[in-house]
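Report on one structure; see the data block that follows.
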Amino acid sequence: MKRCLIIDDSSVIRKVARRILEGFGFAITEASDGRQALDACMKEMPDAILLDWNMPVMDGYEFLRALRAMPGGDRPKVVFCTTENDLAHIARAMHAGADEYIMKPFDKEIVEAKFQEVGLI
Amino acid sequence: MSPQDYEFLCKLLKERSGLVLAPDKQYLVESRLLPVARKAGCDTLEALVRKLKAPGSEPLKVEVTEAMTINESFFFRDKIPYDRFRDTVIPDMMQKRAVQRKLRIWSAACSTGQEPYSLAMMLDGFSTLAGWQFDIIATDISNDVLDKARSGSYSQFEVQRGLPISMLMQHFEQVGDQWRLSAKIRKMVQFRQLNLLTDFSILGQFDAVFCRNVLIYFDQPTKVDVLTRIRQRLAPDGYFVLGAAETVVGVGDLFSPVPDKRGLYCPTVKREAAPKLALVSASGGQRVA
């Protein structure tokens, strides 16, 4: 079973995303900021990461840079999922090593399309 | 809605667009036509039907037909047809048209434009096609969807279904809350209003025709008629692409499936007309004459 780490400071978003991704057969872990997420990745590197941008403690962008510098941190497919919906943010995220980018609000079809795009489904 | 009214609407739609509605599609008619009815000042579908039967109802008939034939569309919908286009059709056509350096492609029933624009973005990605001329003709029965298609503007939802983020970054600009395709890609596609039931020989000859998720709405004789005329518009060495759920079974021997390339067809070449084609080479999977 593929593992997906959902990182978002909103428990509602995490719940919605969990329901969608469990429907696609993923085993889910959750984190509410980048710091917690890095700890989770050190314990076990997931196959997929759904990543919010704006979060307390450590934001999604900082997390992504730290992740890609970790041993084995190049392996997970990272899909940003954020309200930041301008080209400048998208370009910054992609240059930092994101694989895909979802602009909130999202639905099941969008998550499915993006996860298919990076070969996770 | 009374059975008589439903029957009236079904007959109207069949005559005008070829659309065949099953008896259990009343809900679809209601959901799509109630907004049209309200716009026309009718409270109910009964009132709409009365108005359609009255003299001078031609514009309303057009509107009803358009509302019923609109299809939801995504960029790179179903993925596989586009993989076929990129991996089989383009490489093969690059050889076959190496002298002319020109490709003509028809997106039949293009709806809001995602299909022809997806093809245009794909062609634009081939550096080996630099200097080639592309004619992408995109047609639909509905003027409403063509207006939207021509604008090349899509909502945030629409650009996230099937469109890779790299292509969004490369080919779109943000205009307010919409995403607009670059002029370069928009200029590659020419949109025209066309009802597939009418003569379309004026469009000329194509190297590839995409006709996806349209024929499923037609009855068998209509399907055969449309396919026969599409076959006439397709170059003998060209390609024909159908939707994921469609086949050419039962429509005679107009098209033959390309082996191991589901959804991709080529015009059937009669033995007496030309030597039999070897359809697939063992190595590259490309079609060779």
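If you take the alpha carbon radius of gyration of the stretch B:3-69 and divide it by 2.2 N^0.38 Å, what ratio comes out, to two decimals?
0.98
Using a 1.4 Å probe on the heavy atoms of the protein chains only, list every residue of the stretch B:120-161 that has 40 Å² or more less accessible area in the complete assembly than in its chain alone.
Listed by number, the residues meeting the 40 Å² cut-off are B:GLN156, B:PHE157, B:GLN160, B:ARG161.
Using a 1.4 Å probe, what is the accessible area per residue for the stretch B:80-267, in Å²?
Accessible surface, normalised per residue, equals 39 Å².
Taking N as the number of residues in the protein assembly as shown, what value does Rg over Cα atoms divided by 2.2 N^0.38 Å take?
Ratio of Rg to 2.2 N^0.38 Å for the protein assembly as shown: 1.13.
Quick check on packing: order A:45-52, A:14-21, A:60-67 by the mean number of other C-beta atoms within 10 Å, highest mean leading.
Result, highest mean Cβ count within 10 Å first: A:45-52, A:60-67, A:14-21.
Ignoring ligands, DNA and RNA, what percent of the 1.4 Å accessible area of the stretch B:3-69 is carbon and sulfur?
So the carbon and sulfur contribution to the accessible surface is 57 percent.
If I model a spin label at B:THR247 and A:ILE121 as a point 7 Å from the Cα along the Cα→Cβ vector, what separation in nanometres do I get?
The answer from the label model is 2.7 nm.
For the stretch B:80-267, give the magnitude of the charge dipole about the Cα centre (Cβ charges: +1 Lys/Arg, -1 Asp/Glu; no others), in debye to the nearest 20.
460
Could you tell me the accessible area of B:THR228 in Å² (1.4 Å probe, neighbours in place), rounded to the nearest ten?
It works out to around 50 Å².
In whole percent, how big is the carbon plus sulfur part of the accessible area of the stretch B:181-250, probe 1.4 Å, protein atoms only?
Roughly 56 percent of what the probe reaches on the stretch B:181-250 is carbon or sulfur.
Find out how many positive minus negative residues lie around B:ARG16, taking Lys and Arg as positive, Asp and Glu as negative, among other residues whose Cβ is under 10 Å from that of B:ARG16.
Summing Lys and Arg as +1 and Asp and Glu as -1 gives +1.
Ignoring ligands, DNA and RNA, what accessible area per residue does chain A give at 1.4 Å, in Å²?
About 45 Å² of surface per residue is accessible.
Counting only heavy atoms of protein chains, what accessible area per residue, in Å², does the stretch B:3-69 have with a probe of 1.4 Å?
I get 55 Å² per residue for this part.
What number results when the radius of gyration of the stretch B:46-140, computed over Cα atoms, is divided by 2.2 N^0.38 Å?
1.55
The stretch B:173-195: which residues show an accessible-area loss of 20 Å² or more, assembly versus chain alone, 1.4 Å probe?
Residues meeting the cut-off: B:GLN174, B:TRP179.
How big a patch of accessible area, both sides summed and in Å² to the nearest 100, lies buried between B and A at a 1.4 Å probe?
By this definition, chains B and A bury close to 1500 Å².
Let a ≥ b ≥ c be the square roots of the eigenvalues of the Cα gyration tensor of the stretch A:3-117; is it rounded (a/c under 1.5), or, if not, prolate (a/b larger than b/c) or oblate?
Cα axes put the stretch A:3-117 in the rounded bin.
Please tell me which of these pairs span more than 19 angstrom C-alpha to C-alpha: A:LYS114/B:LYS187; A:LYS2/A:LYS43; B:LYS11/B:LYS61; B:LYS14/B:LYS223; A:LYS2/A:LYS104?
A:LYS114/B:LYS187; A:LYS2/A:LYS104
Okay, helix-only estimate at 222 nm for chain B: each DSSP H run of n ≥ 4 adds -39500 (n - 2.57), divide by all residues, round to 500 deg cm²/dmol; what do you get?
-11000 deg cm²/dmol
How much accessible surface does A:ASP59 have with a 1.4 Å probe, in Å² rounded to 10?
40
Compute and list, largest first, the equivalent-ellipsoid semi-axes of the stretch B:169-272 from the alpha carbon gyration tensor, each √(5λ) rounded to a whole angstrom.
Gyration-tensor ellipsoid for the stretch B:169-272: 30, 16, 15 Å.
Quick one: which bits of the stretch A:91-109 get at least 40 Å² less accessible when the partner protein chains are in, versus the chain alone, with a 1.4 Å probe?
The answer is A:MET103.
Show which aspartates and glutamates lie in cross-link reach of B:LYS261 when reach means a straight Cα distance below 15 angstrom and same-chain residues fewer than eight apart are skipped.
Straight-distance partners of B:LYS261: B:ASP78, B:ASP83, B:ASP87, B:ASP92, B:GLU246.
Enter the per residue convex hull volume of chain B, computed from alpha-carbon coordinates, in Å³ rounded to the nearest integer.
Cα convex hull per residue, to the nearest whole number: 151 Å³.
The values are calculated or read from the model by the stated rules, or taken from the named source; none is laboratory data. Only a predicted model underlies this, so the values are computations on that prediction, with no experimental measurement involved. Cβ sites come from the backbone with ideal geometry, for glycine too, and all protein chains shown count toward neighbours. Remember, those area values only see protein heavy atoms, side chains included, never the ligands or the DNA or RNA. Shrake-Rupley method; radii C 1.70, N 1.55, O 1.52, S 1.80 Å.
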